[in-house]
Amino acid sequence: MSRPPTPVLLDCDPGIDDALAIAYLVAEHLAGRIELVGVVCTAGNVGLDDTVANALAWLDLAGAPPLPVCAGAAGAIAVPHVFTPETHGPRGAGYAVLEVGTGAETATKATTGAPGMTTTTTTRRADPRDGAELWVDAARAHSGELVAIVTGPSSTLASALAAEPALPGLVGDLVVMGGTFRGHPGNTTPVSEWNVDVDPEAADAVCLAWEDANNAHARVRGPLWCGLNLTERAVWTPERSARLVAAADTSLTRALAEALRFYFEFHESVGEGYLAQVHDPFVAWLALHPDAVESVPARVRVECRGEHTRGMTVEDRRGHRGRAPSARIATDVRTPGGPSAVLDDICAAIASLAGSGSTGGPG
Ligand code: RIB
Ligand code: CA
């Protein structure tokens, strides 16, 4: 008797590397290895309207089956949201030109942001529920089994926790792309990573909720924090884009290549070289391969007040203040070939969509 597919919820802020995570999870869903039960969109580098539109478009391009896509938080929960269009492009899709379905009409978004209107039969549209509702509904429907992956700010998850304080006991495994650990430098301030930096109050609320639940009930698994100390090793190159398009020349792979071209330019502009650190698909893969993750137990909280340290993920591995280490910090991946082999696996999954009848027809 084969295991039923693992139920998976993605909370993302697409976002270029988020798009790779979406495509990868759709491929895993269509291969029957997971059940992608929904996608929550949160405001991130770009605004909520764009993260929702991008998620709908990337799901269409990947040939995803119908599944709930819900708009979550429109910004950070306690401070004005700081958008960073320079990172993922003015609409969050780099140089990719996406079509977003609104039912009868489609808004074609160019990188200039100037919407054109064309008619299409695309009917994928956002579910009317709020993203926080989808978090709670999915956790209740798959109690104790749901693998929840966060690849953007924790703003919507914080709202879900406010709506359902018992959420940590309902979620089977929470895997977060966020923070930076083991003394590894931040990408937003010297000590902070962007997803946490933009909404540290939300990230700390997540830490505390899961810590309280884990201290009360040991069966509640602490979050797996996947920080820059590990995710910056997931490096996508122009050669990898070329190999992906050569392996599967579809509208999806060409759009991903165009999105990544912008990301290469961004990384080059900040001194990382003409390449892209693809944090989100890497973390999605880790979430689906828990046995391949090396991690250390720690208590994790987020600094919200420090003039120089706001947004810092503080790891306590010695149980100071008498609280048990309830979280896990990802430190390495056990797969032979390391992160590069993980990206090979992700590329193979995305390329497989070409043969799955995805709408991503020949490019
Ligand atoms: O710091 C990296 C994170 O910020 C990734 O999730 C990327 O998509 C951006 O949201
Ligand atoms: Ca992201």
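The values are calculated or read from the model by the stated rules, or taken from the named source; none is laboratory data. Since the model is a prediction, treat every value here as computed from it, not as a measurement. Please note: Cβ atoms are built from the backbone with ideal geometry, for glycine as well, and neighbour counts cover all protein chains shown.
Side notes on the structure shown:
- Annotation note: of ASP18, ASP50, the sole residue that is within 14 Å of ligand 2 (Cβ to nearest atom) and farther than 15 Å from LEU252 by Cβ is ASP50.
- Here the condition is being modelled with pLDDT of 95 or more, of a type outside the set (Asp, Glu) and closer than 25 Å to ARG243 by Cα; of VAL283, VAL302, VAL293, it holds for VAL283 alone.
- Of all residue pairs spaced 6 or more apart or on separate chains, those with beta-carbon atoms under 8 Å, a first member in region 313-329 that is free of Cβ contacts under 8 Å to residues at least 40 places away in the same chain and a second member that is among the aliphatic types (A, V, I, L, M) and surrounded by fewer than 17 Cβ atoms within 10 Å (Cβ to Cβ) are ARG317/VAL296.
- Scope region 1-33; condition in a strand (DSSP E or B) and not hydrophobic (A, V, I, L, M, F, W, C); matching residues: THR6, PRO7, ASP11
- Test: residue in region 194-207 that is within 16 Å of ligand 2 (Cβ to nearest atom) and surrounded by fewer than 20 Cβ atoms within 10 Å (Cβ to Cβ): no
- Look at region 275-293: where a residue is away from ligand 2 (no atom under 16 Å from the Cβ) and a partner is in a loop (DSSP other than H, G, I, E, B) and not aliphatic (A, V, I, L, M), sitting 6+ places away or on another chain with Cβ atoms under 6 Å, you get LEU275/THR237; ALA292/ARG334; ALA292/THR335.
- Which numbered condition ALA62 misses (of (1) among the hydrophobic types (A, V, I, L, M, F, W, C); (2) within 16 Å of ligand 2 (Cβ to nearest atom); (3) surrounded by 24 or more Cβ atoms within 10 Å (Cβ to Cβ)): (2)
- At least 2 residues being acidic (Asp, Glu) is the threshold, and among the helices (runs of 4 or more DSSP H) wholly inside region 185-262 those reaching it are 200-216.
- Criterion applied to LEU157, LEU134 was being away from ligand 1 (no atom under 16 Å from the Cβ) and of a type in the set (A, V, I, L, M), and the one residue passing it is LEU134.
- Residue identified as without any contact (Cβ under 8 Å) to a residue 40 or more places away in the chain, under 15 Å from the mean Cα position of the chain (by Cα), under 27 Å from ARG261 (Cα atoms) and within 14 Å of ligand 1 (Cβ to nearest atom) among LEU48, LEU20: LEU48
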